[in-house]
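To keep things clear, I will list the structure first and then write my remarks on it.
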Amino acid sequence: VDSTSVTLHDGTVLPVGLVVWATGVGPAKLTRALPFDKNSSGRLDIDEYLRVRQDGCPVNNVYAIGDCAGTLPALAAVANQQGKYLAARLNALRETQVAGAEAKPFVYRHLGSLAALGSGRAVMDLKHAPPMRGLTAFLLWRSAYFTMLGTLRSRFYVVVNWASAFLFGRDITFILEREYLRQVESHEPERRRANDDRR
């Protein structure tokens, strides 16, 4: 992708005026490299206790939560509930010292949806509240987000970020890693040849 075109794997060059990336996220290299079963989206296959599977069987004492695992959406709310469940499960295992100790399976409870739309606007659809939009929903989104941050450092960072965005506007620059830049530069001659061949 450059400022005027997108080059496909087969060498096809598509001229563009604007590129919007809207493909979602996929599993990380580490997740793909692990020797455990994966689901159709490439995420780790887990059982109802969040244990990873290998050859269709759960692996004792190996758990996966969050974006890398399962079939639930890759959302903070899912990872948050999985984290609380797993912490309680590990504490219970430590206390009983029995790997097969009685445990309830993990059940995700969808509490609703909040989405910030920028410029002090948001939409909110919670399970036990009427839908909202606008500034009120935005303030509720901010308060919900802020209260879920675990450390004082994280809260401080977020407040500074919000304040600077309010005062100076959002900073949408992206700092590229050296490895990414190296990969892009190594493909530059191929892309130029493909462009020349098309002309």
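The values are calculated or read from the model by the stated rules, or taken from the named source; none is laboratory data. Since this is a predicted model, take the numbers as computed values, not measurements. Using ideal geometry, Cβ is built from the backbone for each residue, glycine included, and neighbour counts are taken over all protein chains shown. The accessibility values were calculated without ligands, DNA or RNA, using every heavy atom of the protein model including side chains. Shrake-Rupley method; radii C 1.70, N 1.55, O 1.52, S 1.80 Å.
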Cut-off 15 Å between beta-carbons: net charge of the residues surrounding Thr147, Lys and Arg +1, Asp and Glu -1: +3
What full-extension length gain, to one decimal in nm, is calculated for Ser41 and Asn61 as 0.36 nm per residue of separation minus the Cα-Cα distance? 4.8 nm
Between Leu14 and Glu185, how high is the FRET efficiency from 1/(1 + (r/R0)^6) when r is the Cβ-Cβ distance and R₀ = 25 Å? Nearest 0.05. 0.75
Extension reserve of the Ala87-Leu152 stretch, reckoned as 0.36 nm per residue once the Cα distance is removed: 21.3 nm
Under a straight-distance cross-link criterion of Cα-Cα below 29 Å, which lysines are reachable from Lys104, leaving out those fewer than 8 residues away in the same chain? Lys38, Lys84, Lys127
Over the stretch 23-63, what is the mean sequence separation of C-alpha contacts under 8 Å (at least six apart), divided by residue count, expressed as relative contact order in percent? 28 percent
In a shell of Cβ-Cβ distance under 10 Å around Thr31, excluding Thr31 itself, what net charge do Lys and Arg (+1) and Asp and Glu (-1) give? +3
Keeping every protein chain in place, order His110, His128 by accessible area at 1.4 Å, biggest value first, i.e. largest first. His128, His110
Take the Cα of Leu126, step 7 Å along the line toward its Cβ, and report every residue of the stretch 66-85 whose backbone nitrogen sits under 17 Å from that point. 77-78
Sparse-neighbour loop sites [trypsin sites (Lys or Arg not before Pro); the stretch 99-163; at most 11 other C-beta within 10 Å; DSSP]: Arg109, Lys127
In Å², nearest 10: area of Met132 left accessible to a 1.4 Å probe: 70 Å²
